[in-house]
Each structure stands twice: as structure tokens, then as C-alpha cells.
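To start, the structure itself, in C-alpha cells.
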Amino acid sequence: RTYVYDGKTVTQYAPGLDLYSVFEAPATIADMLDEADEKYGVQLPLADLFFWGTDRSNVKEITSAFFVGESLIAGDTCDHYAYRAPDVDFQVWIRANGDPLTCRLVITTMDDEARPEYQATLQWDLEPVLGEGMFSFAPSAGVTQIEQEPVEDGEQGG
């Protein structure tokens with residue numbers, strides 16, 4: 001999936017299916033993440049990043065944490081940390097030199113027997129050129145828009 005948020009709407013694009021949907025969204029990222037999940041059952045990848053350093057970070061749920069060691073990721077030396085919480089294990093690699101940017105994340109869901117895992121290796125552009133339309137979605141020929149339906153009570157996002 002690809003998600004595009006422009007401060008007013010969220011576009012959810014499934015390139016393998018040539019389908020996309022659009023739904024209205026609040027003006028802040030935090031409110032958009034909540035509404036996407038609660039109203040449409042859409043849980044965006046790495047949403048937790050937007051809550052780090054806030055009272056919503058669930059830091060009190062961490063049961064163990066330790067420094068694993070150094071790793072080389074995309075040419076950068078990174079400090080590797082591992083954390084455990086009741087239903088999730090997560091690992092984060094943070095650049096050791098220069099700006100302390102996250103280089104990689106691995107999140108493992110522990111309350112599911114299959115132990116699904118999400119991995120992301122991040123690349124940062126610290127001097128981006130934000131052109132017109134950067135946060136808009138323009139579907140290619142043959143891509144069809146479908147209606148984004150709200151979830152029924154009791155349904156979960158995913």
C-alpha cells in the first residue's frame with residue numbers, strides 16, 4: 001500500500017490491484033492516524049513514530065530494553081537497541097554519528113502465533129525540495145477509485 005496525506009484527505013493506493021480510495025481526514029497527523037484507525041480500520045505503518053516523546057508513546061509498557069551493539073546500515077554506524085512490551089518486540093537502529101536519525105526499525109507482533117514482522121530501513125533527505133503536488137496523488141491510467149467504507153463496530157484495522 002501507498003498512503004498520501006495532504007492535511008485534508010488520505011489516499012490509500014494498492015498498486016498490485018490498481019485500486020485507490022480517498023477519505024476526509026483531520027488537519028493534524030496524530031488526529032488523522034486516530035481517525036483512520038477508528039473510522040476506517042486503517043492502521044498506517046510506523047504510526048508510532050509520530051507519538052515518540054509524547055504521553056501517547058506507551059513507554060510505560062516496555063518491560064525490558066537493552067543495547068545490542070553497533071551495526072553498519074547503508075554506510076552509517078548505528079546503535080542497535082531492542083525493546084520488549086507485552087504484545088510486541090521492537091528493535092531500532094539509530095545513527096551513532098551526526099544527526100541521531102533512525103536507520104532501521106523491526107517490529108514483531110508477539111500476541112499472534114505467526115509472529116508477523118514489519119521491517120523498514122529508512123533513508124533521510126535533510127534538505128528536501130518540496131515541489132507543488134508533493135503530497136497529492138495522481139492515479140495512472142487504468143487505476144480505479146473505489147469507495148472507502150467505514151468499519152462496523154467491532155471490526156479491527158489492519
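The values are calculated or read from the model by the stated rules, or taken from the named source; none is laboratory data. Note that the structure is predicted; figures quoted are calculated from it, not measured. So basically every Cβ, Gly included, is an ideal-geometry build from the backbone, and we count neighbours across all protein chains shown. Note: accessible area is taken over every heavy atom of the protein model, side chains too, but ligands, DNA and RNA are not part of it. Shrake-Rupley method; radii C 1.70, N 1.55, O 1.52, S 1.80 Å.
Odds and ends about this structure:
- Once both labels are positioned 7 Å from their Cα atoms along Cα-to-Cβ, the gap between Arg56 and Leu19 label points is 2.8 nm.
- Accessible area (Å², per residue) of segment 105-158, counting only protein heavy atoms and a probe of 1.4 Å: 86
- In this label model, Ala74 and Ala96 are separated by 1.9 nm, measuring between points 7 Å along each Cα→Cβ vector.
- Tilt relative to the chain, helix 29-40 - C-alpha long axis, 0 to 90 degrees, to 10: 60
- Each Lys or Arg adds one and each Asp or Glu subtracts one; over the other residues with Cβ under 12 Å from the Cβ of Leu33, this totals -4.
- Surface share of carbon and sulfur [accessible, 1.4 angstrom probe, percent] for the chain: 49
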